[in-house]
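In what follows, a single structure is set out as structure tokens and then discussed.
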Amino acid sequence: MRYRSTTGKAPLTSLRGAVLRGLAPDGGLYMPAEIARHTPEELEEFRRLPFTEVCFRVVRPFATPDVPEEVLWQIVAEAVNFPVKLVSLSPALHILELFHGPTLAFKDFGARFMARLMGYFVRSESRQLTVLVATSGDTGSAVAHGFLAVPGIRVVILYPSKRISEAQEKQFTTLGQNITALEVSGTFDDCQRLVKQAFADEQLNQRAFLTSANSINIGRLLPQMFYHVAAYRQLPVASVPLIVAVPSGNFGNLTAGIFAKRIGLPVARFIAATNANDVVPQYLLSGEYHPRPAIATYSNAMDVGNPNNFPRLLDLCRNRIEYVRREIWGHGATDEETLQEMHAVWDRYRYVSDPHTAVGIHAWEAYRKEHPEPSQGLVLATAHPAKFADIVQKGIGITPPLPERLARYLQVPKLSVPMSSKYADFKRFLLAH
Ligand SMILES: *Cc1c(COP(=O)(O)O)cnc(C)c1O
């Protein structure tokens, strides 16, 4: 598979080029040059074959010829070593739990796969690759765990001192090995600025081999097709259309859903479920796209005011609003509605949802009111409720217990390196280590 830029001004490249670069040289986002549909017979086989085999068949066309088949198989098997669980709350409402990986959020799929893919691509390099990530919480832990002990790669995570929860901090500052956490005396924006400056610094880039691991990287999106296949395998066969609600921030997850539809999975429509940062639902209503600064909400992993995958959504819909509307319906929930939905779901089904998943369920309910014809709803559950225990407590009066694999990190001392918010200090650190 060759990869092209959404802006169309960069040369085609290989998967290797797209993954190691992240952003295309013309500033666009890499897209597969074509997406082949699987035949109905192949899709039918997807229900019966072992899950690893199916994931391998899904991603193979995107990785050939860059990654030899036996290597790709190994990457898939190691990356997806935890279950995807479907919970049916009613015949018309299903929850796809994507949070059974090591950091209890769906980002484990993307981060674990991309880390191993990059690990393979740097094997033929003489230099060590440095992955830079600025995080306001969740991305840092998924990326750190994804890359932990991958040879040839070190990860430098920048996070704002005292501005993230202890549980979040401990998940990526206690690992050691090839993971370094820089505790920046500043804000998340300072962290992001330092990373951007590093990528723009030619002198630094000649001396260090740098890349980024945020969700503009196509290597994170490809494995997010896997759980749509997992849903397809587990959902009861129904003759009514399937509607998939995706709690969204940067819209990588929804983009991957459309990829999954393009390879042939039966999805009638997607719901862009956001919190009050609803620029995409607003765009669907008005036809005008107005990015704006993010505001803080209870579903903070979706506090994004200018979703970085939006150009990919447009590209997949031929840059025409009428096609985007056919593919995606949008809804934004307030914090109040998020709490009410958590409560309603607990009352009705005795199901504990985290605030991001509750935003998804709320959007599905809103969709149903406008579209009462029979359909089947699938809501992606993006985080384990214990990761947002304080909000869950607010919503339903219960504190979900922290699973052992998360609680463990709280006991371990953090190993972060203090860092000022001055670029010169950050650069000196990168060159010295
Ligand atoms: C990152 C994240 C999202 C948003 O996913 P995007 O791909 O950025 O749209 C939703 N929920 C949780 C829990 C997340 O961590």
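The values are calculated or read from the model by the stated rules, or taken from the named source; none is laboratory data. No experiment lies behind these values; they were computed from the predicted model shown. A quick note on method: Cβ atoms are made from the backbone with ideal geometry, for glycine too, and the neighbour counts reach across all protein chains shown. Protein only, heavy atoms only, side chains kept; ligands, DNA and RNA dropped before computing areas. Shrake-Rupley method; radii C 1.70, N 1.55, O 1.52, S 1.80 Å.
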Distance from the stretch 193-256 to the stretch 351-393 (C-alpha centre basis), Å: 20
Where the eigenvalues come from the Cα gyration tensor of the stretch 1-111, what are the semi-axes √(5λ) of the equivalent ellipsoid, largest first, in whole Å? 29, 18, 16
Ignoring ligands, DNA and RNA, what accessible area per residue does the stretch 24-179 give at 1.4 Å, in Å²? 37
Given Lys394/Lys414; Lys162/Lys196; Lys196/Lys261; Lys387/Lys414; Lys107/Lys427; Lys261/Lys387, which pairs have Cα atoms separated by over 24 Å? Lys394/Lys414; Lys196/Lys261; Lys107/Lys427; Lys261/Lys387
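Between Rg and the Kirkwood Rh of the stretch 372-425, both from Cα atoms, what is the Rg to Rh ratio? Intermediate values should be presented prior to the final figure.
Details: Rg = 19.3 Å, Rh = 15.5 Å.
Across the stretch 372-425, the Cα-based Rg/Rh ratio is 1.24.
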For q values of 0.12, 0.17 Å⁻¹, compute log₁₀ I(q)/I(0) with the Debye formula on a Cα-only model of the stretch 296-433, without solvent. -0.72, -1.03
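If you take the Cα Rg of the chain and divide it by 2.2 N^0.38 Å, with N the number of residues, what do you get?
Numbers: Rg = 20.7 Å, N = 433, 2.2 N^0.38 = 22.1 Å.
My calculation over the Cα atoms of the chain gives 0.94.
With N set to the number of residues, divide the alpha-carbon radius of gyration of the stretch 203-283 by 2.2 N^0.38 Å and report two decimals. Write down the numbers at each step before the final one.
Working: Rg = 16.5 Å, N = 81, 2.2 N^0.38 = 11.7 Å.
Normalised Cα radius of gyration, the stretch 203-283: 1.41.
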Quick check: at a probe of 1.4 Å, how many percent of the accessible area of the chain sits on carbon and sulfur atoms? 52
Unit Cα scatterers, Debye sum, the stretch 91-247: log10 I(q)/I(0) for q = 0.12, 0.20 Å⁻¹: -0.58, -1.27
Consider a paramagnetic label point 7 Å from the Cα of Val240 along Cα→Cβ; state which residues of the stretch 66-106 have an amide N under 18 Å from it. 87-96
Over what distance in Å are the Cα centres of the stretch 270-340 and the stretch 23-39 separated? 22
Calculate I(q)/I(0) for the stretch 226-328 by the Debye formula, one identical point scatterer on each C-alpha and no solvent, and give its log10 at q = 0.13, 0.16 Å⁻¹ to two decimals. -0.47, -0.70
Scan the chain and note any complete DSSP helix (H) whose C-alpha atoms cover at least 20 Å along its axis and whose Kyte-Doolittle average is -1.0 or more. 107-121, 355-370
